[in-house]
Amino acid sequence: MVMTFSYFGIMAKGFGPLMCLENHGLEWEGKAYTMDTWPEMKKSGVCPFGQLPILECDAGVVAQSAAIMQYVGRKVAGAGGACEKEIAVSDMLMGLSEDFWNAYSKVQPTLFVAKKVPLEEVAAFWATTIPEKLAYVESFLKGKDAFTSSGITVGELALWSVFHMMARITPEFLDKTPNTKAFYTRILNLPGTQKLITGKTSFGELPSYFIKAE
Amino acid sequence: GLGQAPRLMLSEVGLNFEEVRHTRETWSKAKQEGVESGLLSFGQVPAMEYWDGEGKKVSMVQSVAIMQFLAREHGLYGSDNAEKARIDVLVGGVGDLRKRYGAMAYSKIDKLEDALATYKEELVKWLPFFETYLSKGEHVVSSFSFADVMLFDLIDTC
């Protein structure tokens, strides 16, 4: 059964699952929804919480980006971690990626909301909040460019995905955390990542959901 | 808060555990010590320390990761991959509604009645989704799992 991944044609919550599908070599078909085609899909009741992304696969209809990534983690040997300790690390990073996403989406404008908070708060997010959070990531890497033996557990790819969405707005945001930057660069250069971000999957170019604050 | 589901889970699986509770007054020093010792990997609680099979102390953070670990250790993560996926989907939905609760309960708000009204609209939207999850029986999947603990904790919080 070829699995079908459904999302919008933008780089947002669907990006982490796409990173996992591509970098773990799973065969998948994409269905990109638009603001015109989404209402009918939403009304259909196929999506468990009325949201995208969803993955239709041998486990049924899997919604929620983290659940889709966890599914890949179990589907492909080692993708969730090589042992119990690595699985726990991958799960912790999955949770951390959600923390970064929540903090980022609270302040950063998007294609649909041009201003969420005053500009000073956006500036404080990049100048203070992010360096504080990154210090923990840097320390957790313990001098390496990976958190686990494979370096591409689903939790690591989830965290990388949020970092990439942030790097599209502030490319230099990892400059003061060299190990985290090395982690980012390593995964950036993976064939699966490059295929995805250069628009060579059925989702195409993936424009950013987040935009610069002005 | 986010520590309640792990507390419930630890009690449910019958593990003896010691709880260290922090207050506003004690947190600053505890956070610094926890970060330095490696217990608080991301500077947050909840955190859990346990001894592994080789007698080595291991620490974990992130409430969902802790729940997932305990579930794997004690066979409370569903019977097959389809059930595991169903559990993870439910847990994600719990997280989404909990975010909306947090926006009302923990954020700086200008008008409480507006925040409460928004929160009630979210409850009206989300609770039917969870109702559907329980439409085939009293558990999220075929038997008791950590998803039931997380859903109970969410409803109890709301």
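The values are calculated or read from the model by the stated rules, or taken from the named source; none is laboratory data. This structure is a prediction, so every number in the text was calculated from the model and none was measured. Using ideal geometry, Cβ is built from the backbone for each residue, glycine included, and neighbour counts are taken over all protein chains shown. Accessible surface areas use protein heavy atoms only, side chains included; no ligands, DNA or RNA. Shrake-Rupley method; radii C 1.70, N 1.55, O 1.52, S 1.80 Å.
Observations on the model:
- Residues in region A:97-122 that are in a helix (DSSP H, G or I) and more than 8 Å from chain B (Cβ to nearest Cβ): A:97, A:100, A:101, A:103, A:104, A:105, A:106, A:107, A:119, A:120, A:121, A:122.
- Residue in region B:9-18 that is outside any helix (DSSP H, G or I) and within 11 Å of another protein chain (Cβ to nearest Cβ) present: no
- Put simply, of B:86, B:98, B:72 the only residue that is under 24 Å from residue A:53 (Cβ atoms), open to solvent by 50 Å² or more (accessible area, probe 1.4 Å) and either among the aromatic types (Phe, Trp, Tyr) or not in a strand (DSSP E or B) (or both) is B:86.
- A count restricted to region A:147-166 and to residues that are in a loop (DSSP other than H, G, I, E, B) and open to solvent by less than 20 Å² (accessible area, probe 1.4 Å) stands at 3.
- Test: residue in region B:62-78 that is of a type in the set (Lys, Arg) and under 28 Å from residue B:143 (Cβ atoms): yes
- Region A:186-203 residues that are closer than 22 Å to residue A:149 by Cα, paired with ones that are among the polar types (S, T, N, Q) (beta carbon under 9 Å, 6 or more apart): A:187/A:23; A:187/A:193; A:188/A:194; A:190/A:23; A:191/A:23; A:192/A:23; A:193/A:23
- Of all the criteria given as (1) part of a loop (DSSP other than H, G, I, E, B); (2) free of Cβ contacts under 8 Å to residues at least 24 places away in the same chain, the one not satisfied by residue A:181 is (1).
- The number of residues in region A:66-96 being of a type outside the set (D, E, K, R), within 8 Å of another protein chain (Cβ to nearest Cβ) and closer than 27 Å to residue A:132 by Cα comes to 7.
- Top-ranked residue in region A:123-143 [being more than 17 Å from residue B:41 (Cβ to Cβ) and among the polar types (S, T, N, Q); ranked as farthest from the other protein chains (Cβ to nearest Cβ)]: A:128
- Any hit, region A:192-203, residues being in a helix (DSSP H, G or I) and either of a type in the set (Ser, Thr, Tyr) or under 21 Å from residue A:132 (Cβ atoms) (or both): yes
- Cross-chain or 6+ apart pairs with Cβ under 6 Å, region A:38-49 first and away from chain B (no Cβ under 12 Å), then surrounded by 10 or more Cβ atoms within 10 Å (Cβ to Cβ) and assigned to a helix (DSSP H, G or I): none
- Residue count, region A:50-65 (criterion: in contact (Cβ under 8 Å) with a residue 40 or more places away in the chain, more than 8 Å from every other protein chain (Cβ to nearest Cβ) and surrounded by fewer than 21 Cβ atoms within 10 Å (Cβ to Cβ)): 1
- Annotation: residue A:72 fulfils all but one of (1) buried (at least 20 other Cβ atoms within 10 Å of the Cβ); (2) in contact (Cβ under 8 Å) with a residue 24 or more places away in the chain; (3) more than 24 Å from residue A:191 (Cβ to Cβ); (4) among the β-branched types (Val, Ile, Thr); the unmet one is (3).
- Residue, nearest to residue B:6 (Cα to Cα), within region B:19-41, restricted to residues that are touching a helix residue (DSSP H, G or I) at 6+ places or on another chain (Cβ under 6 Å) and within 14 Å of another protein chain (Cβ to nearest Cβ): B:40
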